[in-house]
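What follows is calculated from the coordinates using simple rules that are stated; it is not laboratory data. Not measured: the values here are computed from a predicted model. Methodologically, a virtual Cβ is constructed for each residue, glycine included, from the backbone with ideal geometry; neighbour enumeration extends over all protein chains shown.
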Amino acid sequence: MKQIVLDMGLAEGPTLQNFFLGPNEDVCQHLRLWVGNALRSPVPTYLWGESGSGKTHLLRAVAQALQAQGTAVGWLDAELAEPMGFDARWQVVLLDDVQAYSAVQQHMAFNWFVNATAPVDGRQRWVLAAGDRPPSDLPLREDLRTRLGWGHVFQLHVLDESQRRAVLRQHAEARGVFLKDEVMDFILTRFSRDLGSLVQLLDQLDLYALQNQRPITIPLIKSMLEEV
């Protein structure tokens, strides 16, 4: 069977609390300390890792946490074809999927970066960026690429199968759901490796099983997918 890739997002929204740490605890600790510190360091941070490692989750989690504190945040990703100019009210600039930026987006990202790191009234803003490779390998204009790499740089690692299995088992048990080994194997070999998507899939399966008054089995999963 061809692998199915789902991109469903997290029902409760990405937070630092619902990010599954695995081998990435140092990254999350760095972000938690920064978000919770009123006297934030202006040194930029860059996260890199392959697809499914949780880069966008963490950037959106930081944005959500800061906005809940009343902090103005600027956001740029590769889907914003015509990004707006820098807003002096922003205290944080978040740059996602930088490896995919067009020439226009690179120009604006550089402008945002320079403005964010230039002291205004004795304070600097923070830049948090993410891409799929180390700064030195980014296919970007040199002035932007070097700036992305001069601060804190962290690599994010995708959870291995045993770690994903343990997290899914724990999440299922918390919902009162028992997953047979063959069901777990089916899910892990045929769906996205992104743990957030897998957890969301499990939540949807649980709801579908309750609606149909059936246990979660491979035929039930196939039945639900046929109705999507």
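Just how large is the dipole of the chain about the Cα centre, in debye to the nearest 20, putting +1 at every Lys and Arg Cβ and -1 at every Asp and Glu Cβ? Walk me through the numbers before you get to the answer.
Details: 21 positive and 27 negative charges, 76 e Å.
Its charge dipole is roughly 360 debye.
R0 = 45 Å: FRET efficiency of Arg89 with Asp160, Cβ-based, nearest 0.05? Don't skip to the answer; put the middle values down first.
Details: r = 42 Å, r/R0 = 0.94.
Between Arg89 and Asp160 the formula returns 0.60.
Stretch Gln17-Asn212 to full length: gain in nm at 0.36 nm per residue minus the Cα-Cα span?
Numbers: separation 195, 0.36 × 195 = 70.20 nm, distance 3.17 nm.
Length gained, Gln17 through Asn212: 67.0 nm.
Which longest uninterrupted range of the chain lacks any trypsin sites (Lys or Arg not before Pro) assigned by DSSP to a loop state (not H, G, I, E or B) and surrounded by at most 16 other Cβ atoms within 10 Å? Working shown, then result.
Numbers: sites that count: Lys2, Arg89, Arg141, Arg175, Lys180.
Formally, the longest exposed-site-free interval is 3-88.
Which entry in (i) 21.0, 68; (ii) 17.1, 49; (iii) 19.8, 63 matches Rg and Dmax of the Cα atoms in Å derived from the coordinates of this structure?
Looking at Rg and Dmax of the Cα atoms in Å for this model, the match is (iii).
Counting DSSP beta bridges with both partners in the range 22-155, what percentage is antiparallel, nearest 5? Intermediate values should be presented prior to the final figure.
Values: 1 of 17 bridges.
Bridges in the range 22-155 that DSSP calls antiparallel: roughly 5 percent.
Only helical DSSP H runs with n ≥ 4 go in: add -39500 (n - 2.57) per run for the chain, normalise by residue count and round the 222 nm mean residue ellipticity to 500 deg cm²/dmol.
Numbers: 8 runs with 99 residues, N = 228.
The helix contribution divided over the chain gives -13500 deg cm²/dmol.
Compute the separation of the alpha-carbon centres of the range 110-162 and the range 189-228 and state it in Å as a whole number.
Result: 37 Å between the Cα centres.
Please compute the length gained on full extension between Asp181 and Val104, using 0.36 nm multiplied by the number of residues separating them and subtracting their Cα-Cα distance.
Working: separation 77, 0.36 × 77 = 27.72 nm, distance 4.90 nm.
Separation in residues times 0.36 nm, less the Cα-Cα distance, equals 22.8 nm.
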